[in-house]
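*Asks:* Below you'll find the structure I mean.
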Amino acid sequence: MKRKNTTMVLLFLGPCLLLYLLLFLYPAVKAFFVSLFDWNGFTSDMKFVGLGNFRELFSDTHFWSVVMANSFGIIFFGGILTFGVAFFLSGLIATGPKGKKFMRGLIYFPSIINPVAVAILWSFIYNHQYGLLNGFLRVIGLGHIQPTWTAPDTLFWAILVALVWMYSGFYFVILSSALERVPVDLVESAKLEGASEFRIFFTIKIPMIWDVLVTTIIFWCITAVKEFSLLYAWGGGVDVPQAGAQNLATYMYMTAFGRRVTMYRMGYSTAMGVVMFLIVALFYLIITRLTRREEIQY
């Protein structure tokens with residue numbers, strides 16, 4: 001009987017395991033293998049350099065001062081703003097008696113817009129001459145200010161605002177749905193005892209949705225590290241991109257495909273991919289370790 005059960009399990013799991021090996025495990029092992037070679041990706045001439053690509057990567061000042069700084073900036077500052085906006089909108093919608101479904105759809109809408117379209121839209125908003133922001137400044141009598149929002153020293157923050165606008169709706173839907181699971185009786189009891197909204201939020205609501213919050217934080221870290229389309233469309237894909245429009249994903253792509261054929265470095269860019277994987281794995285381990293607590297049943 002046990003042998004029959006084992007056979008049935010293997011029959012059902014076999015195709016899934018095979019797909020996992022072919023589509024996930026093999027490419028990961030292959031990527032690490034390629035990262036050990038100096039290879040342009042188009043010929044069979046592969047020169048073994050061992051950890052040379054990684055040594056070069058860790059000594060690349062531009063990689064650390066610009067690329068990784070922007071990547072970590074998106075993770076931390078983008079995460080704080082995105083989750084802050086998502087929680088604020090969740091509380092705002094929860095207190096609104098009418099039109100909740102319509103408002104949720106409206107808030108979620110930016111999340112389904114193509115990132116290239118988002119880049120074009122916000123480029124118009126930031127435009128120095130006819131952009132919405134500078135137009136608003138002129139209307140309220142501050143037309144003499146009219147900053148260049150996408151100047152080299154502010155481009156990263158301009159892109160970050162667009163990223164927050166694009167992703168906040170997605171996390172709003174998840175977090176607002178989780179907050180609705182919090183028992184109303186607990187909240188009402190806390191209010192009767194004189195607890196403030198601030199205290200209720202951090203001592204009752206957050207612990208109640210802790211599992212969802214941790215999952216969304218991990219998902220945000222993965223999304224932020226892999227973010228590509230918006231930055232690439234904004235200028236991260238040109239031959240000499242501005243520093244504010246570069247992150248790990250765009251820099252890796254441009255190193256592999258974005259320059260002249262003689263400059264293509266598939267091995268070096270794959271080493272960046274390995275570093276990206278290690279960063280995501282490290283964030284996952286740190287977050288799960290620091291946020292480990294007993295699940296609250298309700």
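*Asks:* Which pairs do you get when a residue that is on the phi > 0 side of the Ramachandran plot, found in segment 38-51, comes within reach of a residue that is outside any loop (DSSP other than H, G, I, E, B), reach meaning Cβ atoms under 6 angstrom, with the pair 6+ apart or on two chains?
*Replies:* The qualifying pairs are Gly41/Met266.
*Asks:* Let me ask something else about it. Working only within segment 208-238, note down all residues that are within 18 Å of Val280 (Cβ to Cβ) and among the hydrophobic types (A, V, I, L, M, F, W, C).
*Replies:* Residues satisfying the conditions are Val214, Ile217, Ile218, Phe219, Trp220, Cys221, Ile222, Ala224, Val225, Phe228, Leu231.
*Asks:* So which residues in segment 126-163 are in a loop (DSSP other than H, G, I, E, B), among the β-branched types (Val, Ile, Thr) and touching a residue at least 12 places away in the same chain (Cβ under 8 Å), if there are any at all?
*Replies:* Within segment 126-163, Thr148, Thr150, Thr154 meet the criteria.
*Asks:* Also: Look through Ile80, Ile75 and report the one residue that is touching a Cys at 6+ places or on another chain (Cβ under 7 Å), modelled with pLDDT of 85 or more and either within 22 Å of Ile279 (Cβ to Cβ) or not in a helix (DSSP H, G or I) (or both).
*Replies:* Testing whether each residue is touching a Cys at 6+ places or on another chain (Cβ under 7 Å), modelled with pLDDT of 85 or more and either within 22 Å of Ile279 (Cβ to Cβ) or not in a helix (DSSP H, G or I) (or both) leaves just Ile75.
*Asks:* Are any residues in segment 63-87 under 15 Å from the mean Cα position of the chain (by Cα) and of a type in the set (S, T, N, Q), and if so, which ones?
*Replies:* Matches in segment 63-87: Asn70, Ser71, Thr82.
*Asks:* Within segment 196-214, is there a residue that is more than 21 Å from Thr291 (Cα to Cα) and assigned to a helix (DSSP H, G or I)?
*Replies:* Checked against the condition, which is being more than 21 Å from Thr291 (Cα to Cα) and assigned to a helix (DSSP H, G or I), segment 196-214 yields at least one hit.
*Asks:* In segment 2-44, which residue that is of a type outside the set (Ser, Thr, Tyr) and touching a Ser or Thr at 6+ places or on another chain (Cβ under 7 Å) is nearest to Gly267 (Cα to Cα)?
*Replies:* Filtering first and then ranking leaves Val34.
*Asks:* Go through Asp38, Asp45 for me and flag whichever is more than 21 Å from Ile222 (Cα to Cα) and surrounded by 12 or more Cβ atoms within 10 Å (Cβ to Cβ).
*Replies:* Result of the check over Asp38, Asp45: Asp38.
*Asks:* Which of (1) assigned to a helix (DSSP H, G or I); (2) free of Cβ contacts under 8 Å to residues at least 24 places away in the same chain; (3) farther than 22 Å from Ala224 by Cα does Glu56 not meet, given it meets every other one?
*Replies:* Among (1) assigned to a helix (DSSP H, G or I); (2) free of Cβ contacts under 8 Å to residues at least 24 places away in the same chain; (3) farther than 22 Å from Ala224 by Cα, Glu56 violates only (2).
*Asks:* Within segment 235-266, track down each residue that is modelled with pLDDT of 80 or more, aliphatic (A, V, I, L, M) and closer than 22 Å to Trp39 by Cα.
*Replies:* Result: Leu248, Ala249, Met252, Met254, Ala256, Met266.
The values are calculated or read from the model by the stated rules, or taken from the named source; none is laboratory data. Since the model is a prediction, treat every value here as computed from it, not as a measurement. Every residue, glycine as well, gets a Cβ built from its backbone with ideal geometry; the counts of neighbours run over all protein chains shown.
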